[in-house]
Every structure is written in structure tokens, then in C-alpha cells.
């Protein structure tokens, strides 16, 4: 594969889950591939503690935020809500949360649904 200097200098992020020695990661297949963001999920355990981690990333300016994005986030959360372990949601969705009057910033029902 041939890369030019211009393509190597562009970094749009991505998703990963990493852990130190002694922390066990188990990749979780949530049987869903979102089209509006990247997503990875893992079971994390150390000693007697265990939890689920999901990392999501939406590139800035990748597309206009639509109801599809929020529906896909809700779908991922719904699928992960079936696990007994606590859920940690992390990532960067590149939303302008200070624009509360913008209906594409935060849908009215997502925060209260989960």
C-alpha cells in the first residue's frame, strides 16, 4: 500500500481499549455495526471486580448529526444493558453540547432512557 506524506499526517482518531498487566480484557461482540460512529466493547476484570467498557468515536465533521446517530447510540446501549456488570461508556462523539437549543445536540429522551 502506498501512503503519501499528506495521508500519513492526518489523524482522525479511532477506538481502542487497552489495559495494564493483570487486567483481563475480553472482546464483546454486540452484533451491531453502527454506521455513524466507531465502537468497540470489552469485558474488563481484575481480581473480584468486573465491568463492561464501550468506547465510541464520531469523527468531527464526518456527517451532520441526525436522529440515526442517536438511534444507533441507543441501540448500542440497549444491547449492553443486558449485561449484569456495570457499564462504562467513554469516547468522543464531537457534539457541541453548549448548543442546547439545537435539536441535534441531545435528543430529549436519550439521557432519561438510560
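Things to note:
- Residue within the range 46-58 that is surrounded by 14 or more Cβ atoms within 10 Å (Cβ to Cβ) and in a helix (DSSP H, G or I) present: no
- Residue 91 fulfils the conditions (1) surrounded by 15 or more Cβ atoms within 10 Å (Cβ to Cβ); (2) modelled with pLDDT under 90; (3) under 26 Å from residue 19 (Cβ atoms); (4) in contact with a helix residue (DSSP H, G or I) (Cβ under 6 Å, 6 or more places away or on another chain) except for a single criterion, (4).
The values are calculated or read from the model by the stated rules, or taken from the named source; none is laboratory data. On a predicted model such as this, the values are computed, not experimentally measured, just so you know. All Cβ positions, even for glycine, are placed from backbone atoms using ideal geometry, and neighbour counts span all protein chains on display.
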